[in-house]
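See below for the structure under consideration.
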Amino acid sequence: MCTVPRLRSRPGRVAAVAALVASAAASGPVPGVPPAPAPVRVAVAAAPAPTGPCRGSAPADFDGDGASDLAVGAPHAAVHGQARAGAVAVRAASGVTWLDGDGAARLGEGFGGGLASGDFDRDGCGDLAVGIPDRVFGARRPGAEGAGAVRIYLGSPSGLRPGPLLTARSLHRPYGTDRFGASLVAADLDGDHDDELAVGAPGLRGGGGVAVFGLRGRTLRPGPLITQRTSWVGQSAAETDGFGSVLAAGDFDGDGRAEIAAGAPDDGARGAGTVTVLDPLERSANYVSQDEPAVDGASERADGFGSALAAADLDGDGRDDLAVGVPGEDRDGSADLASGAVQILAGPGMTQIGPTRYGRGDYDRLGSALATGDLDGDGSADLAAGAPGAGTVLVLRGRRRRATTITAPLAPYSRFGGALAAHGRTLLVGAPGADGFGGAVFELTAPPGRPKRIPLPARGLTGYSLG
């Protein structure tokens, strides 16, 4: 499971595209945005008929051959002459294929701004959801956010095949400035052994929302749209909260099915950020912030609590725990610094376990991205936390959380650690600021180790999202 930052921040915040700091409320000096990358020829994957049964169960196994594949978002890739239309690289044993949506590239739509893989149709092949958060339907208004969309690709032994397009209209709502698809997570939310898809729409009018597709069925049929004002959530809301900016999923109560964790990094009186754990079947919600007595620290301006999330059983009690990134945090309480922090909350009560881990430098922004997995093969979950301001990744191994720091093999401002994913014992690290913001992706097997660059072109924020 992985989490990635928002492609664009809420109005009035430092843009994540410019800084690539992965959350709201950046508080350190950042480089400017370079010119759009040169156009690149990008092909849409073919849609052949399946040639046999899928037999894989590895993460993101799109062709069912038993080996993990990899999806990498490059949301600023120029496609068919359209700047920042976006593209997604899919690496499998057969090679690399580039997806660019439906073949009709659109200026500035950010295809690949979010990614999630799961088995939506229970056929044994992994499927891929691609967020297009800045897609506009109709005329584009200057300065306005996109309505957004999500393109589904269905796995088969012949590779990914284009599937349905999900939008606000799928929920019988008009298009707005929702940024639908800015965040995605796939998990079995209803215990039927196929994955459902949760879609974040942080720009939804009223403070943001989370849409759920596929409950109680083998297709991604539309389900509930959950907001802070939903009756069983019962929270106050402001337009700039960004509810649903970040999503994760885990079985926090040990009942055999996953719940959704939704980050609202700009929520609260000071925009300090909150997280809400949602169970759409039981219609229950658990609100968490640094103002809670069971969580260390205090809600401070620009903390960005909930800017990254990841779930796994980190304490070995059989229930998933939630790691929360707080990249704007500073141990001295200054809103002008952003060393960043990571906190681990034990399910189901969301009580903090272990100490808060802080970044070392003033602008490290530790906790901008998180990923969990058994990286050393010892049977216990490990946690990786990106500090893209420093160009490092902190790996906390096992229940004792033994710390190892991985350093970028790149020049400063590469934003190494801006996106993370774990596939088995392999840790994948995005560096979307590398090569003049063309971007790069690295992999490490059984960290610690030396990061090895994956040979992918620097198309335009390559490595911004991983799936």
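The values are calculated or read from the model by the stated rules, or taken from the named source; none is laboratory data. The shown structure was predicted, so the numbers you read here are calculated from the model rather than taken from an experiment. A quick note on method: Cβ atoms are made from the backbone with ideal geometry, for glycine too, and the neighbour counts reach across all protein chains shown. Each accessible area value is taken on the protein alone, full model and side chains, heavy atoms only, with ligands, DNA and RNA left out. Shrake-Rupley method; radii C 1.70, N 1.55, O 1.52, S 1.80 Å.
With the condition kept exactly as written, say whether any residue in the range 210-219 is more than 23 Å from His172 (Cα to Cα) and among the aromatic types (Phe, Trp, Tyr). Break it down stepwise before answering.
First, pick out the residues of the range 210-219 that are more than 23 Å from His172 (Cα to Cα): none.
No, the range 210-219 has no match at all.
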Of the residues Ala105, Ala139, only one is touching a His at 6+ places or on another chain (Cβ under 6 Å) and surrounded by fewer than 24 Cβ atoms within 10 Å (Cβ to Cβ); which?
Ala105
Flagged in the range 108-125 as open to solvent by 10 Å² or more (accessible area, probe 1.4 Å) and part of a loop (DSSP other than H, G, I, E, B), in numbering order, are Gly108, Asp119, Asp121, Arg122, Asp123, Gly124
Please list, ordered by first then second residue, the pairs with beta carbon atoms under 6 Å, 6 or more apart or interchain, first in the range 69-81 and more than 13 Å from Glu109 (Cα to Cα), second open to solvent by 10 Å² or more (accessible area, probe 1.4 Å) and charged (D, E, K, R).
Leu70/Arg91
Given the structure, is Gly159 farther than 25 Å from Ala431 by Cβ and outside any strand (DSSP E or B)?
yes
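Being within 30 Å of Ala92 (Cα to Cα) and open to solvent by 20 Å² or more (accessible area, probe 1.4 Å) is the requirement here; does Asp134 meet it? Give the derivation first.
Numbers: within 30 Å of Ala92 (Cα to Cα): yes; open to solvent by 20 Å² or more (accessible area, probe 1.4 Å): no.
No, not satisfied.
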Which of the residues that make up the range 418-434 are of a type in the set (Gly, Ala, Ser) and closer than 18 Å to Asp364 by Cβ?
Gly418, Ala419, Gly430, Ala431, Gly433, Ala434
If you go through the range 61-102, how many residues are touching a strand residue (DSSP E or B) at 6+ places or on another chain (Cβ under 8 Å), under 17 Å from Arg151 (Cβ atoms) and open to solvent by 10 Å² or more (accessible area, probe 1.4 Å)?
4
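Listed residues Ala285, Ala272, Ala302; which is open to solvent by less than 50 Å² (accessible area, probe 1.4 Å), in contact (Cβ under 8 Å) with a residue 60 or more places away in the chain and under 22 Å from the mean Cα position of the chain (by Cα)? Before the answer, list the steps.
Details: Ala285 fails: in contact (Cβ under 8 Å) with a residue 60 or more places away in the chain; Ala272 fails: in contact (Cβ under 8 Å) with a residue 60 or more places away in the chain.
Only one candidate passes the filter, namely Ala302.
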Going through the range 122-135 in order, the residues found to be out of contact with any Asp or Glu (no Cβ under 7 Å at 6 or more places or on another chain) and at pLDDT 95 or above are Leu128, Ala129, Val130, Gly131, Pro133
Any residue at all in the range 425-445 that is at pLDDT below 95, within 27 Å of Gly113 (Cα to Cα) and open to solvent by less than 20 Å² (accessible area, probe 1.4 Å)?
yes
Filter the range 155-175 for residues that are out of contact with any Pro (no Cβ under 9 Å at 6 or more places or on another chain), in contact (Cβ under 8 Å) with a residue 24 or more places away in the chain and farther than 26 Å from Val90 by Cα; which is surrounded by the most Cβ atoms within 10 Å (Cβ to Cβ)?
Arg173
Give me the pairs, please: first residue somewhere in the range 429-449 and among the acidic types (Asp, Glu), second residue anywhere and part of a loop (DSSP other than H, G, I, E, B) and open to solvent by 40 Å² or more (accessible area, probe 1.4 Å), beta-carbon distance under 8 Å, and either six or more positions apart or on two chains.
Asp435/Ala458
If I filter the range 236-256 down to residues being under 20 Å from the mean Cα position of the chain (by Cα) and of a type in the set (Asp, Glu), which single residue comes out as farthest from Gly273 (Cα to Cα)?
Asp251
Taking the range 446-466 and keeping only residues that are part of a loop (DSSP other than H, G, I, E, B), modelled with pLDDT of 95 or more and basic (Lys, Arg), one is left with Arg459
Considering only residues that are open to solvent by less than 10 Å² (accessible area, probe 1.4 Å) and either farther than 20 Å from Ala269 by Cβ or β-branched (Val, Ile, Thr) (or both), look in the range 312-329 and name the one that is farthest from the chain's Cα centre (by Cα).
Leu314
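Test of understanding: among Val295, Val233, which residue is more than 29 Å from Asp195 (Cβ to Cβ), more than 21 Å from the chain's Cα centre (by Cα) and at pLDDT 95 or above? Outline the logic, then answer.
Working: Val233 fails: more than 29 Å from Asp195 (Cβ to Cβ).
That would be Val295, the only listed residue that is more than 29 Å from Asp195 (Cβ to Cβ), more than 21 Å from the chain's Cα centre (by Cα) and at pLDDT 95 or above.
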Testing Phe252 on (1) farther than 26 Å from Arg169 by Cβ; (2) surrounded by fewer than 19 Cβ atoms within 10 Å (Cβ to Cβ), one condition comes back false. Which one is that?
(2)
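A quick yes/no check of all residues on (1) closer than 12 Å to Leu366 by Cβ; (2) of a type in the set (Lys, Arg):
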position: Ala310; (1), (2): no, no
position: Leu314; (1), (2): no, no
position: Arg319; (1), (2): no, yes
position: Ala323; (1), (2): yes, no
position: Pro327; (1), (2): yes, no
position: Arg331; (1), (2): yes, yes
position: Gln343; (1), (2): yes, no
position: Ala346; (1), (2): no, no
